[in-house]
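Colleague: I am attaching a structure below and will ask some questions about it afterwards.
The values are calculated or read from the model by the stated rules, or taken from the named source; none is laboratory data. Small disclaimer: the values here were computed from a predicted structure and weren't measured. Ideal geometry is used to build each Cβ from the backbone, glycine not excepted, and the neighbour counts take in all protein chains shown.
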Ligand code: SF4
């Protein structure tokens with residue numbers, strides 16, 4: 001390599017000393033030394049999608065609308081997340097719990113909008129009736145999570161958000177709502193007796209109560225969540241733990257059978273039919 005007199009006359013000083021002799025002769029192929037050394041290092045190529053690696057715990061992936069331990073939804077339909085969104089990707093419509101069809105037979109005036117009696121989708125007066133996130137607009141900044149006053153909205157680690165239609169990239173409430181974990185009672189149902197929405201927010205409601213179970217038994221005797229919720233209400237089993245997500249176990253051919261075999265052997269928990277294909281940090285974690 002020769003020195004450029006034009007640069008030298010302009011006062012250019014190289015950061016590294018110029019190679020001379022043998023070093024100058026080998027300089028054009030010196031880069032191949034890096035390639036050669038890399039040939040003997042372990043391969044780090046990830047075998048995606050057969051093997052799915054968990055991203056960092058604070059990764060901003062698909063959103064999730066969380067639930068309280070008795071199964072009521074945390075979202076109150078306040079629309080603050082929609083207002084905070086810089087990409088206008090969120091659409092929310094709130095509604096009054098008093099207007100739920102299950103409350104249709106109530107005496108006029110007997111069911112105030114914020115009454116703990118009667119059917120509720122979420123504690124307090126209102127719930128999120130419509131909730132949509134347009135993932136063609138979302139930039140995963142997390143401002144919606146910061147804006148949410150009830151910690152209803154968090155972000156999971158689910159990064160598989162490709163779709164084959166524009167309409168399919170608009171996720172509806174049912175796509176975003178956390179599934180019921182074992183021991184939760186499917187909404188709608190009354191709030192836990194003697195509580196307010198503040199008690200829920202403070203984490204004082206740790207599971208379904210007997211009155212809630214009785215209410216659902218009377219109206220939906222075939223509800224699949226009744227047995228586990230009744231066990232929680234009677235104290236024979238603990239309330240649902242904060243939801244944890246696992247990587248989806250369906251990686252590769254035969255993985256479902258392998259997961260079922262491991263579950264039968266007791267080494268892992270069998271995924272329920274309701275479990276979404278998600279992975280994420282614990283629900284309470286700041287993401
Ligand atoms: S997710 Fe949170 S901020 Fe958005 S509407 Fe529901 S309660 Fe309000």
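Colleague: For residues that are buried (at least 20 other Cβ atoms within 10 Å of the Cβ) and over 9 Å from the mean Cα position of the chain (by Cα), tally how many sit in region 55-72.
Modeller: Here the count works out to 6.
Colleague: Can I ask one more? Give region 131-164 a look and list any residue that's more than 16 Å from the ligand (Cβ to nearest atom), surrounded by fewer than 17 Cβ atoms within 10 Å (Cβ to Cβ) and modelled with pLDDT under 95, or say none.
Modeller: 159, 160, 161, 162, 163, 164
Colleague: For a quick check of your reading of the model, give me the residue pairs whose first member lies in region 126-153 and is within 15 Å of residue 86 (Cα to Cα), whose second is within 7 Å of the ligand (Cβ to nearest atom) and not in a strand (DSSP E or B), with beta-carbon atoms closer than 7 Å and at least 6 apart or on different chains.
Modeller: Matching pairs, first to second residue: 144/81; 147/80; 147/81; 148/80; 148/81.
Colleague: Give me the residue from region 115-130 that is at negative phi and surrounded by 19 or more Cβ atoms within 10 Å (Cβ to Cβ) and, out of that set, modelled with the lowest pLDDT. Give the derivation first.
Modeller: Within region 115-130, the subset at negative phi is 115-117, 119-123, 125-130.
If we keep only those that are surrounded by 19 or more Cβ atoms within 10 Å (Cβ to Cβ) too, we end up with 119-123, 126-128.
Working: 119: 91, 120: 94, 121: 96, 122: 95, 123: 94, 126: 94, 127: 96, 128: 97.
That would be 119.
Colleague: OK, next. Name the residue, out of 69, 112, that is modelled with pLDDT of 90 or more and in contact with a helix residue (DSSP H, G or I) (Cβ under 9 Å, 6 or more places away or on another chain). Before the answer, list the steps.
Modeller: Working: 112 fails: modelled with pLDDT of 90 or more.
The conditions single out 69.
Colleague: Out of region 149-171, which residues are at negative phi and within 14 Å of the chain's Cα centre (by Cα)?
Modeller: In the first step, residues of region 149-171 are kept if they are at negative phi; the result is 149-150, 152-171.
152, 153, 154, 155, 156, 157, 158, 159, 160, 161, 171 - these are the residues of region 149-171 that are at negative phi and within 14 Å of the chain's Cα centre (by Cα).
Colleague: Please return the ranges of helices (runs of 4 or more DSSP H) entirely within region 1-95 where 1 or more residues are away from the ligand (no atom under 12 Å from the Cβ).
Modeller: Values: elements: 5-9, 21-26, 31-38, 80-84.
Passing ranges, in order: 5-9, 21-26, 31-38.
Colleague: While we're looking at this one, here's another question. Does residue 50 satisfy the condition of being touching a residue at least 40 places away in the same chain (Cβ under 8 Å) and under 29 Å from residue 145 (Cβ atoms)? Steps first, please.
Modeller: Details: touching a residue at least 40 places away in the same chain (Cβ under 8 Å): yes; under 29 Å from residue 145 (Cβ atoms): no.
When the stated conditions are applied, residue 50 does not pass them.
Colleague: Let me ask something else. Looking for whichever is buried (at least 20 other Cβ atoms within 10 Å of the Cβ) and away from the ligand (no atom under 16 Å from the Cβ) here; the options are 195, 181. Which one fits? Step through it out loud before you land on a result.
Modeller: On the way: 195 fails: buried (at least 20 other Cβ atoms within 10 Å of the Cβ).
Criteria check complete, one pass: 181.
Colleague: Any idea which residue in region 1-52 is surrounded by the most Cβ atoms within 10 Å (Cβ to Cβ), counting only those that are under 30 Å from residue 157 (Cα atoms) and at pLDDT 85 or above?
Modeller: First pass over region 1-52, keeping only residues under 30 Å from residue 157 (Cα atoms): 41-52.
Of the ones still in play, those that are also at pLDDT 85 or above are 41-42, 47-52.
Numbers: 41: 7, 42: 4, 47: 10, 48: 10, 49: 11, 50: 10, 51: 11, 52: 19.
Restricting to residues being under 30 Å from residue 157 (Cα atoms) and at pLDDT 85 or above, the top hit is 52.
Colleague: Let me ask something additional. Please work out which one of (1) modelled with pLDDT of 95 or more; (2) touching a strand residue (DSSP E or B) at 6+ places or on another chain (Cβ under 6 Å) is the condition residue 97 fails and give its number.
Modeller: For residue 97, the failing item is (1).
Colleague: Give 172, 218, 182, 193 a once-over and let me know the one that is in contact with a strand residue (DSSP E or B) (Cβ under 8 Å, 6 or more places away or on another chain) and modelled with pLDDT of 50 or more.
Modeller: On the way: 218 fails: in contact with a strand residue (DSSP E or B) (Cβ under 8 Å, 6 or more places away or on another chain); 182 fails: in contact with a strand residue (DSSP E or B) (Cβ under 8 Å, 6 or more places away or on another chain); 193 fails: in contact with a strand residue (DSSP E or B) (Cβ under 8 Å, 6 or more places away or on another chain).
It is 172.
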